[in-house]
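Below you'll find the structure, written out as structure tokens, and then a few comments.
The values are calculated or read from the model by the stated rules, or taken from the named source; none is laboratory data. These numbers come from a predicted model, not from an experiment. Cβ: placed from backbone, ideal geometry, glycine included. Neighbour counts: every protein chain shown. Heavy atoms of the whole protein, side chains included, go into the accessibility calculation; ligands, DNA and RNA do not. Shrake-Rupley method; radii C 1.70, N 1.55, O 1.52, S 1.80 Å.
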Amino acid sequence: YVKSRIATPPPPSSLDLLQEYYAHDMWQLLVCCTLMSRVSSWKTKHNTISAFFAAYPTPSSVLDAEPNDVLKIIHPLGLFPTRMKSLVSVTQRFLEMPKFDVGLSKDLKIYGIGEFGFQSFLLFCRGDISIKPKDRALSSFAHWQCKYKKEMAEKKAADGEETGNKNVEDEQSDSSEEH
């Protein structure tokens, strides 16, 4: 139960995507995606989502909330009835599924989580960089992640070569001292 809810967030990028702020918590990431949908202003999204999580930091607190109190916070985003239904659906599924997962197939579909939310989940919580997102920001992030992972692998290989070469030199030095 718990293990299926643990995210593996990526390192921060220079893209400053809102999903990066919430990738450490699957539920928060999915809520973030439902709240940011169809809103263009980064500042409005960021301020509203931050205020939402300040008031409702846990799934249980959302289910216990009065809808009018939630409305006061998320009003700047518009589409309140749809967003509230999405918040409740994501939260209930997160709490109720024996093994938490999200998908677009009927058995894993959660109301309010479409392709953007699903791909965000895969990229930010599952670390799946094999997907090819249609969303420009997600595509940029996936590209950045691939580049980052390649650079880290090259750095690790270079560090290993340096360490390996140093050890060989040390061994040669040690053996010449013995003779």
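Of the listed requirements (1) surrounded by 18 or more Cβ atoms within 10 Å (Cβ to Cβ); (2) at pLDDT below 95, P11 misses just one: (1).
Applying the set (1) more than 15 Å from the chain's Cα centre (by Cα); (2) modelled with pLDDT of 95 or more; (3) open to solvent by less than 80 Å² (accessible area, probe 1.4 Å) to Y111 leaves exactly one unmet item: (3).
Matching residues to (1) at positive phi; (2) modelled with pLDDT under 90; (3) touching an Asp or Glu at 6+ places or on another chain (Cβ under 6 Å); (4) part of a helix (DSSP H, G or I):
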site: L122; (1), (2), (3), (4): no, no, yes, yes
site: P133; (1), (2), (3), (4): no, no, no, no
site: S140; (1), (2), (3), (4): no, no, no, yes
site: K150; (1), (2), (3), (4): no, yes, no, yes
site: A153; (1), (2), (3), (4): no, yes, no, yes
site: N165; (1), (2), (3), (4): no, yes, no, yes
site: V168; (1), (2), (3), (4): no, yes, no, yes
site: Q172; (1), (2), (3), (4): no, yes, no, yes
site: S175; (1), (2), (3), (4): no, yes, no, yes
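Screening R126 with (1) at pLDDT 95 or above; (2) open to solvent by 60 Å² or more (accessible area, probe 1.4 Å); (3) under 15 Å from the mean Cα position of the chain (by Cα) gives one miss only, at (1). Taken residue by residue, segment 58-72 has at least one member that is under 28 Å from Q145 (Cβ atoms) and either modelled with pLDDT of 95 or more or assigned to a helix (DSSP H, G or I) (or both). A Cβ distance below 8 Å, combined with a sequence gap of six or more or placement on separate chains, defines the contacts here; from segment 79-99, residues that are within 13 Å of L35 (Cβ to Cβ) and of a type in the set (S, T, Y) reach residues that are open to solvent by 40 Å² or more (accessible area, probe 1.4 Å) and assigned to a helix (DSSP H, G or I) in the pairs T91/L63.
Candidates are the residues of segment 129-150 that are of a type outside the set (K, R), in contact (Cβ under 8 Å) with a residue 12 or more places away in the chain and open to solvent by 50 Å² or more (accessible area, probe 1.4 Å); the one that is farthest from G114 (Cα to Cα) is Y148. If only residues of segment 14-56 that are of a type in the set (S, T, Y) and under 20 Å from Q92 (Cβ atoms) are counted, the one that is most open to solvent (accessible area, probe 1.4 Å) is S37.
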